[in-house]
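Note sheet for the following structure.
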Amino acid sequence: SQTIHQWPATLVQPVGSPLSLECTVEGTSNPNLYWYRQAAGRGLQLLFYSVGIGQISSEVPQNLSASRPQDRQFILSSKKLLLSDSGFYLCAWSHRTAGYTFGSGTRLTVV
Amino acid sequence: GESVGLHLPTLSVQEGDNSIINCAYSNSASDYFIWYKQESGKGPQFIIDIRSNMDKRQGQRVTVLLNKTVKHLSLQIAATQPGDSAVYFCAENTNDYKLSFGAGTTVTVRA
């Protein structure tokens with residue numbers, strides 16, 4: 001069966017520090033991969049998605065970037081965090097025309 | 001569409017009553033719809049889906065209704081239980097790669 005792993009679960013980082021969140025998927029190949037952010041009491045905002053290794057589509061221009069170095073690995077990064085980067089970050093995978101399976105999320109607090 | 005910046009609507013329901021959560025979708029070409037449940041601090045979980053060639057689908061205690069004429073989707077939960085308290089999101093498949101999420105509804109079950 002397919003599983004998705006996302007870590008860390010919580011993270012507190014100072015303003016101006018770098019960020020790296022990792023997501024890996026097991027039990028499937030060539031998945032579509034996604035990074036979402038969710039502010040407190042808000043809906044889901046799509047940040048990046050990827051349909052293959054090295055292929056990244058950005059939905060919202062901002063202080064973040066994404067990379068897909070391997071088929072089942074998706075990384076969300078920032079060189080310098082802002083206070084506004086705080087939120088709940090969710091990784092998800094899917095195959096075409098199917099629904100997403102979400103990871104457990106990372107709660108990021110920038111202080 | 002996405003719900004960035006919007007506060008989530010709420011629904012309060014008595015334990016044992018039926019709940020109805022509504023969602024309006026935007027793209028008449030969407031052919032696949034999903035309901036997700038998100039508990040506090042967790043990633044969204046798949047509840048039930050429906051293809052556009054159907055107008056009703058039933059699961060365990062849940063029913064999804066699709067009205068393509070008015071682009072409306074609803075989720076009915078029978079005999080609502082305290083464990084049903086969560087945020088519920090509808091999603092539509094707008095292309096092969098991306099789901100577009102609704103604003104979400106916070107459901108609170110009163111004992």
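Computed from the coordinates by the stated procedures, all read-outs in this text should not be read as laboratory data. Predicted, not measured: the structure shown is a model, and the values here were computed from it. Note: ideal-geometry Cβ built from the backbone for every residue, glycine included; neighbour counts use all protein chains shown.
Multiplying the residue separation of A:Gln2 and A:Leu83 by 0.36 nm and removing their Cα-Cα distance gives an extension gain of 25.7 nm.
Using a Debye calculation, one point per C-alpha and no hydration shell, please list log10 I(q)/I(0) for the range A:11-95 at q = 0.14, 0.18, 0.24 Å⁻¹ in order. These q points yield log10 I(q)/I(0) values of -0.46, -0.74, -1.21.
What is the order of A:Leu44, B:Leu65, A:Leu81, fewest Cβ neighbours within 10 Å to most?
Fewest-to-most Cβ neighbours within 10 Å comes out as B:Leu65, A:Leu81, A:Leu44.
Note on B:Lys56 and A:His95: with the Förster distance fixed at 30 Å, the Cβ-Cβ geometry gives a FRET efficiency of about 0.75.
Which of the trypsin sites (Lys or Arg not before Pro) found in the range A:32-111 are in a DSSP loop and have at most 13 neighbouring Cβ atoms, other than their own, within 10 Å?
A:Lys79, A:Lys80, A:Arg96
In summary, the lysines within cross-link reach of B:Lys37, defined as a Cα separation below 28 angstrom excluding same-chain residues under 8 places away, comprise B:Lys56, B:Lys68, B:Lys71, B:Lys98. As a rough footprinting exposure proxy, the listed residues A:Glu26, B:Glu39, B:Glu92 were ranked by other beta carbons within 10 Å of their own, and the order from fewest upward is A:Glu26, B:Glu39, B:Glu92. Each principal axis of the Cα cloud of chain B was evaluated for its coordinate range; sorted largest first, these ranges are 41, 31, 22 Å.
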